[in-house]
Structure formats: structure tokens, C-alpha cells
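Throughout, read-outs are computed from the coordinates displayed, never taken from laboratory work. Quick caveat: nothing in here was measured; it's all calculated off a predicted structure. Note that we place each Cβ from the backbone using ideal geometry, even for glycine, and neighbour counts take in every protein chain shown.
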Amino acid sequence: MTFFAEGLNEAVRLLVTMDQEVMDVVLLTFKVAGISTILAAILGLPAGFLLATKKFRGQQFLVSILNTLLSLPTVVVGLVVYGLISRRGVLGALGLLFTWKAIVIGQFVVVLPLITALVLNDIREVEGAYRETALSLGASGWQAAILVLWEARYAIGGAIIVGFGRVLGEVGISMMLGGNIAGSTRTITTAIALETNKGQFGFALALGLVLLFISFFINAVMNYARER
């Protein structure tokens, strides 16, 4: 109990004083998670909308692939991306391996199917109630689409928040593609794993508290979105 109390006391001290090393890790984590989530949302939102509203050959096959990708282990994604961007890989000349950009690529691959699938389900729930009614009242296809997106705005926002939370707590890709380099590619999760093994329990606990607070905030936003 004394060990944990001492660690908690050190964690609070680091957070209150805004320790530079802690802040660097937190800011980098937000940076890579934010960029990967934004990129995934840019592609996932229209992809999910099209899959929900358009009928075309091979649609169910694409949806099946999408659902399969949801359960794909992050270490597998990390392995594939590693093979592509390593020195002997197809994209090896770009020098992306062990940089924060490599983490963004890996996290993007993980979060894209998640956001797409959530948007797909959200649009399907709203479409039946609003799109057909709007079209029957003389709305154009674009007007009906905008109406559906507007009615699903809170659910879509929630889907993006869920995607952000998904990559925020990811560790396998960050470790494999980033290399856990201090001041360069060290994220909250990889830093927690490293510092705990080094015996720096207070430092790891400080980062854990940050991650816990973010998770609480994400869940609060999600509950708000569901109520709306």
C-alpha cells in the first residue's frame, strides 16, 4: 500500500507541476491519435454513408470485409505496415519507420474500418425515417442526404470520438512502428510499459491517470451523443 501511495503522490506531483517529459508524451499521443482519426474520418464518413444509402454489386461483400477488419489485431496491422515501410519494403525509401508518421499510418489503418462501420450503422438507423420522407416531399437527392447527415450528426460525432479513443489506448502499433523513442515516438501507452519495467511507477501512474481521465471524458461525450 505504501508503494502505491508513494507512486500516486509522485504522479500527482508530476501532473500538478506539468512535468515536461510527461507533457511531451501526452502531446505526442494526442498529435498522432488526432491526425490518424481525422484522416480516417475524412474517408470513413463518406464511405459509411455510401455503403448505407447506395445499392450496388458487391456491397455485402465489402460490408463483410469491413466487419472482419474490426476484429483485426493491431499487432497484425503493425506487422503489415512494418513490412511496407521498412528499408526493404515498397515504401522504404520514404524513411517512415520509427517516426511518428509511421504510427499515424498504422493507427489510420486500425481506426478507418471502425469509423466506417459505426457511420454505416448510424446512417442506416436514420435513413429509413427521414430520407424517404424527404424525397416524397420533393427534396432532391442532395437535400435528403444532407438531412440524413444532420439528423445523425451526434451519432457520427460519437463514432469519431470512439475512433479517437480506440487509437489513443493502442500500444502494439506504436511500439512496432514508432520504436518508443524518447522525445520522438513515445506515446502514453508505450511510455507506461517502459517506465513500469524501469521501476518508475510514479511516472507511469501519472500517464495512466491522464489516460483514465481521457477515457472518462470520451465516455461522457458518447453518453451525451446517445441521449441526443
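For this structure, a couple of remarks:
- Charge tally in the Cβ shell below 12 Å around S36, where Lys, Arg are +1 and Asp, Glu are -1, S36 excluded: +2
- Residue order, fewest to most beta carbons within 10 Å, for M18, M222, M176: M18, M222, M176
- Taking Cβ atoms as reference points and 14 Å as the exclusive limit, the residues near E21 contribute a net charge of -1, counting Lys and Arg as +1 and Asp and Glu as -1.
- Ordering S64, S71, S215, S36 from the fewest to the most neighbouring beta carbons within 10 Å gives S71, S64, S215, S36.
- Taking L97, L147, L45 in turn, the Gaussian network model of the chain (Cα-Cα springs below 10 Å) assigns the largest fluctuation to L147.
- When the chain is treated as a Gaussian network with alpha carbon springs shorter than 10 Å, the biggest mean-square fluctuation among I192, I214, I173 belongs to I214.
- Rounded if a/c under 1.5, otherwise prolate or oblate - the range 143-215, Cα gyration tensor axes: prolate
- One quarter of the surface of the convex hull around the alpha-carbon atoms of the range 2-227 equals 15.2 nm², the direction-averaged projected area.
- Evaluated over the Cα positions of the range 174-228, the convex hull gives a direction-averaged projected area, one quarter of its surface, of 4.7 nm².
- Listed by chain and number, the lysines whose alpha-carbon sits under 16 Å from that of K101, ignoring those within fewer than 8 places in the same chain, are K31.
- Footprinting exposure proxy for W100, W150 (fewest neighbouring C-beta atoms within 10 Å first): W150, W100
- Taking only Cα atoms of the range 77-118, radius of gyration then Dmax in Å: 11.2, 36
- Taking the C-alpha atoms only, the angle from helix 188-197 to the longest principal axis of the chain is near 30 degrees.
- Label point distance in nm, A182-I38, each placed 7 Å from Cα along Cα→Cβ: 3.0 nm
- Helix 2-16 axis, angle to the chain major axis (alpha carbon atoms, nearest 10°): 70 degrees
- Against the chain, whose longest principal axis is taken from its Cα atoms, helix 59-70 shows a tilt of about 20°.
- For the range 19-110, the alpha-carbon radius of gyration amounts to 1.33 times the rule-of-thumb value 2.2 N^0.38 Å expected for a compact globular protein.
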